[in-house]
Amino acid sequence: MHHDEMIGKVQALAALPDRGAAERAARAVVSTLSERLPSGLARHVAAQLPPDLAAPMREAADATAAPDSGTAGEAFGLAVFAGRIADRAGTDEDTALREAAAVLEVLDAALAPELTERMAGALPADIRDLLPVGRAEDDGGGTG
């Protein structure tokens, strides 16, 4: 999926007023997600993103990786996740969560399914619930 298409989808899903807000939201979410994921996994996700979104993800992965480990992600839950996104996007935490759900839905469509599954498996349940796969699990597999 191309950058413009991803940003357009984020804008539509999160009901954002313009592409600039969607761009800020997308960058804030991928940077924060990268801090939470193991750095090697974050780099794999970044490899499947357009360069404009891959760059903040790689930068965050590099900044949080332990030297020579490539495995450790920061351990934090939904409240910290929302707070960091809100700080980066210049919004409040409720808006940040809505935007995060939109960005994660677009990432789900853009990434290889097995990579999305690995990403979901690396996240705590409260953050995973923002992913389409997390919401499907909460709904009993999407059947009702």
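Read the figures in this text as sums done on the coordinates, not as results from a lab. Nothing here was measured: the structure is a model prediction, and the numbers come from that model. Neighbour counts run over all protein chains shown; Cβ positions are idealised from the backbone, glycine included.
Here are a few things to note about the model shown:
- For region 55-63, 3J(HN,Hα) per residue [Karplus equation, 6.51 cos²θ - 1.76 cosθ + 1.60, θ = phi - 60°, Hz, x = Gly/Pro]: 4, x, 5, 5, 4, 5, 4, 5, 6
- Under the Karplus curve 6.51 cos²θ - 1.76 cosθ + 1.60, θ = phi - 60°, whole-Hz ³J(HN,Hα) for region 110-126, x wherever Gly or Pro sits: 8, 8, 4, x, 5, 6, 4, 5, 5, 4, 4, x, 8, 9, x, 4, 5
- Phi to ³J(HN,Hα) by Karplus 6.51 cos²θ - 1.76 cosθ + 1.60 over region 74-82, Hz, x for Gly, Pro: 5, 9, 8, x, 4, 4, 5, 3, 5
- Under a 5 Å amide H cut-off, with hydrogens placed 1.01 Å from N, Gly73 pairs with Ser39 among residues at least 5 apart or on other chains.
- All-pairs alpha carbon distance profile, the chain, 5 Å steps from 0, percent: 2, 11, 21, 25, 23, 13, 5, 1, 0, 0
- Rounded to the nearest 20, the Cβ-based charge dipole of the chain about its Cα centre (Lys and Arg +1, Asp and Glu -1) stands at 220 debye.
- When shorter helices are ignored and each DSSP H run of at least 4 residues is given -39500 (n - 2.57), the per-residue value for the chain at 222 nm works out to -22000 deg cm²/dmol.
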